[in-house]
């Protein structure tokens, strides 16, 4: 079976960066990408009144909060981001021992709203498939859009992102590690090749 | 995580907190427009009840259905058990039908252990109350309710909280499970009962005991009243119901002597007027109805953690997923 994005992400997150790791985005790059995504979201949807920002735990939630901060500044009103845990909707639950649940927090009723899902890395698309299922049971949004910091390709489902921080062509043996100050002490995106 | 839930004593601190934290997230499902998660779709959960029960069976049934499991209800009345079928044959029948989990309530202490140890069923065994022995999910929902009211912190325990459990400890599986679990979570448990209603060997439990209710009210953070289990009493344990009620019943006078933040709990079913007066049972500080709501979330958490993942844990995968934040 092809490794899913989350398996790769989980592995990458817990292997210390070795010599083969290559930083592709630094703090400045991430900040600029998020600012651009914020403006793109506002431009596409004209204003923020019908928007609900939902991050996918764990790093997607931090990114969603940062985008909400930037959006609050631009729109001059407080916009809060929520969190959508997708654990119970995963398609690989039975392949691993039961996992701990993450916090779900929906700031607003999503019926008739435009929901923007925010995640760190888009890979197989299976996480987003699960997120769409989860949303379905919370209400009926007018539209769902997807914003990701990194799109690394290798989709296994017909899913694409509306807003992308950086397209990062990778090979399947490579790992993408997103570090954010909220959890990892620094802001960086690195690629680690299969150790030679 | 353990495979079966037979005793509250099998849970270590990490497991117990994991169940409570999972329940905290699952509590939100009850307030959604669609109260269902797809997680246990295609799994079969059998409610094997040899003893009467309202809330525990319905609670487990609701929990399993909210996780999309198929539920088969079995009650001894009206089944082949009344024709003399043994526990073993009943269990083998259920196994042949493909039960992924068996939730068992039995009038004999130790029946769930027997079911799990003898490997009559391949599924997970969850103890829903065995005789006068244990009722671990009740203890978990009590601890969950206490944590929400007394500390309010996800990820935390009940360190230093004083819990007073009052009444028929001798016949209570709830008291034993609570004593074990609350000790694991760091709470100080005091059992209050007439000497005749304290079990032999209670001095080996991780609790303090007292014969006097009034002396243990002032510093209690939670008071749990136990039902006087008349159906299990084949001897005279106290002179009269009135005398029991006067010495060990919770009335408004006693309620007023509790600290302001203290909560009143009861595992149900209540004997109003016996161990608890109607005024106290319906008081704002009574969390008895909330305990039932929390029971569904806690049982969903137990079912999810026992059945939601891979059937046999491979250690390598375990280490990588455990570390995920």
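Does residue B:178 meet the test of being touching a residue at least 24 places away in the same chain (Cβ under 8 Å), in the same structural domain as residue B:250 (by TED's automatic domain parsing), closer than 14 Å to residue B:265 by Cβ and surrounded by fewer than 22 Cβ atoms within 10 Å (Cβ to Cβ)?
Working: touching a residue at least 24 places away in the same chain (Cβ under 8 Å): yes; in the same structural domain as residue B:250 (by TED's automatic domain parsing): yes; closer than 14 Å to residue B:265 by Cβ: yes; surrounded by fewer than 22 Cβ atoms within 10 Å (Cβ to Cβ): no.
It is false that residue B:178 is touching a residue at least 24 places away in the same chain (Cβ under 8 Å), in the same structural domain as residue B:250 (by TED's automatic domain parsing), closer than 14 Å to residue B:265 by Cβ and surrounded by fewer than 22 Cβ atoms within 10 Å (Cβ to Cβ).
Here are some conditions: (1) free of Cβ contacts under 8 Å to residues at least 60 places away in the same chain; (2) more than 22 Å from residue B:50 (Cα to Cα); (3) crowded, with 19+ Cβ neighbours inside 10 Å. Residue B:166 meets all but one. Which one does it not meet?
(1)
What is the residue count in region B:284-314 for residues that are within 14 Å of chain A (Cβ to nearest Cβ) and under 21 Å from the mean Cα position of the chain (by Cα)? It would help to see each step written out before you state the result.
Residues of region B:284-314 that are within 14 Å of chain A (Cβ to nearest Cβ), as a first pass: B:297-298, B:300-314.
Retained after the next criterion (residues that are under 21 Å from the mean Cα position of the chain (by Cα)): B:297-298, B:300-308.
Final tally of qualifying residues: 11.
Would you check which residues across region A:79-94 are over 13 Å from the mean Cα position of the chain (by Cα), touching a residue at least 12 places away in the same chain (Cβ under 8 Å) and within 11 Å of another protein chain (Cβ to nearest Cβ) and list them?
A:87, A:88, A:89, A:90, A:91, A:92
Okay, residues lined up against (1) in a strand (DSSP E or B); (2) in contact with a strand residue (DSSP E or B) (Cβ under 7 Å, 6 or more places away or on another chain):
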position: A:161; (1), (2): no, yes
position: A:166; (1), (2): yes, yes
position: A:173; (1), (2): no, no
position: A:177; (1), (2): yes, yes
position: A:182; (1), (2): no, no
position: A:186; (1), (2): no, yes
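Criterion first (free of Cβ contacts under 8 Å to residues at least 40 places away in the same chain, under 21 Å from the mean Cα position of the chain (by Cα) and outside the structural domain of residue B:60 (by TED's automatic domain parsing)) does residue B:281 satisfy it? Working first, answer last.
Working: free of Cβ contacts under 8 Å to residues at least 40 places away in the same chain: yes; under 21 Å from the mean Cα position of the chain (by Cα): yes; outside the structural domain of residue B:60 (by TED's automatic domain parsing): yes.
Here the answer is yes, as residue B:281 does meet what is asked.
Give the residue, chosen from B:250, B:217, B:258, B:198, that is buried (at least 19 other Cβ atoms within 10 Å of the Cβ), in the same structural domain as residue B:148 (by TED's automatic domain parsing) and over 20 Å from residue B:146 (Cα atoms).
Working: B:250 fails: over 20 Å from residue B:146 (Cα atoms); B:217 fails: over 20 Å from residue B:146 (Cα atoms); B:258 fails: over 20 Å from residue B:146 (Cα atoms).
Selected residue: B:198, the only one of B:250, B:217, B:258, B:198 that is buried (at least 19 other Cβ atoms within 10 Å of the Cβ), in the same structural domain as residue B:148 (by TED's automatic domain parsing) and over 20 Å from residue B:146 (Cα atoms).
If the requirement is being under 27 Å from residue A:45 (Cα atoms) and part of a loop (DSSP other than H, G, I, E, B), which of these qualifies: A:132, A:138?
Numbers: A:132 fails: part of a loop (DSSP other than H, G, I, E, B).
Result of the check over A:132, A:138: A:138.
Assuming residue B:81 fulfils every condition listed in (1) modelled with pLDDT of 85 or more; (2) more than 30 Å from residue B:184 (Cα to Cα) apart from one, which condition is it?
Exception for residue B:81: condition (1).
Out of region B:40-64, which residues are out of contact with any helix residue (DSSP H, G or I) (no Cβ under 7 Å at 6 or more places or on another chain) and within 14 Å of chain A (Cβ to nearest Cβ)?
Listed by number, the residues that qualify are B:41, B:42.
Against the definition (at pLDDT below 95 and not in a helix (DSSP H, G or I)), how does residue A:79 come out, yes or no? Before the answer, list the steps.
Numbers: at pLDDT below 95: yes; not in a helix (DSSP H, G or I): yes.
Spelling it out, residue A:79 is indeed at pLDDT below 95 and not in a helix (DSSP H, G or I).
Give the residues of region A:100-110 that are surrounded by fewer than 20 Cβ atoms within 10 Å (Cβ to Cβ) and either in contact with a strand residue (DSSP E or B) (Cβ under 7 Å, 6 or more places away or on another chain) or at the interface with chain B (Cβ under 8 Å from one of its Cβ atoms) (or both), sorted by residue number. So that I can check it myself, show each step before the final result.
Residues of region A:100-110 that are surrounded by fewer than 20 Cβ atoms within 10 Å (Cβ to Cβ), as a first pass: A:100, A:102-103, A:105-109.
Correct list: A:100, A:102, A:103, A:105, A:106, A:107, A:108.
With the requirement that a residue be surrounded by 17 or more Cβ atoms within 10 Å (Cβ to Cβ) and within 13 Å of residue A:152 (Cβ to Cβ), what does region A:167-195 give you? Explain how you work it out, then say what you get.
Kept after step one, since they are surrounded by 17 or more Cβ atoms within 10 Å (Cβ to Cβ), are these residues of region A:167-195: A:168, A:170, A:174-180, A:187-192.
Answer for region A:167-195, where residues must be surrounded by 17 or more Cβ atoms within 10 Å (Cβ to Cβ) and within 13 Å of residue A:152 (Cβ to Cβ): A:168, A:170, A:174, A:175, A:176, A:177, A:178, A:189, A:190, A:191, A:192.
With the structure loaded, tell me whether residue B:37 is outside any loop (DSSP other than H, G, I, E, B), modelled with pLDDT of 90 or more and in contact with a helix residue (DSSP H, G or I) (Cβ under 6 Å, 6 or more places away or on another chain) or whether it fails that test. Spell out the reasoning first.
Values: outside any loop (DSSP other than H, G, I, E, B): no; modelled with pLDDT of 90 or more: yes; in contact with a helix residue (DSSP H, G or I) (Cβ under 6 Å, 6 or more places away or on another chain): yes.
No; evaluated as a whole, the condition is false for this residue.
Each row is one residue, and each column tells you yes or no for (1) at positive phi; (2) out of contact with any helix residue (DSSP H, G or I) (no Cβ under 7 Å at 6 or more places or on another chain); (3) modelled with pLDDT under 95.
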{"residue": "B:296", "(1), (2), (3)": "no, no, no"}
{"residue": "B:302", "(1), (2), (3)": "no, no, no"}
{"residue": "B:307", "(1), (2), (3)": "no, yes, yes"}
{"residue": "B:310", "(1), (2), (3)": "no, no, yes"}
{"residue": "B:314", "(1), (2), (3)": "no, yes, yes"}
{"residue": "B:317", "(1), (2), (3)": "no, yes, yes"}
{"residue": "B:320", "(1), (2), (3)": "no, no, yes"}
{"residue": "B:325", "(1), (2), (3)": "no, no, yes"}
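Could you check residue A:135 against (1) under 20 Å from residue A:66 (Cα atoms); (2) within 14 Å of another protein chain (Cβ to nearest Cβ); (3) touching a strand residue (DSSP E or B) at 6+ places or on another chain (Cβ under 8 Å) and say which number it fails?
(1)
Residue A:66 fails exactly one of the following numbered conditions: (1) surrounded by 20 or more Cβ atoms within 10 Å (Cβ to Cβ); (2) within 12 Å of chain B (Cβ to nearest Cβ). What is the number of that condition?
It fails just one condition, (2).
The values are calculated or read from the model by the stated rules, or taken from the named source; none is laboratory data. Owing to the predicted nature of the structure, the values given are computational and were not obtained by experimental measurement. Heads up, the Cβs are rebuilt from the backbone with ideal geometry, glycines too, and the neighbour counts pull from every protein chain shown.
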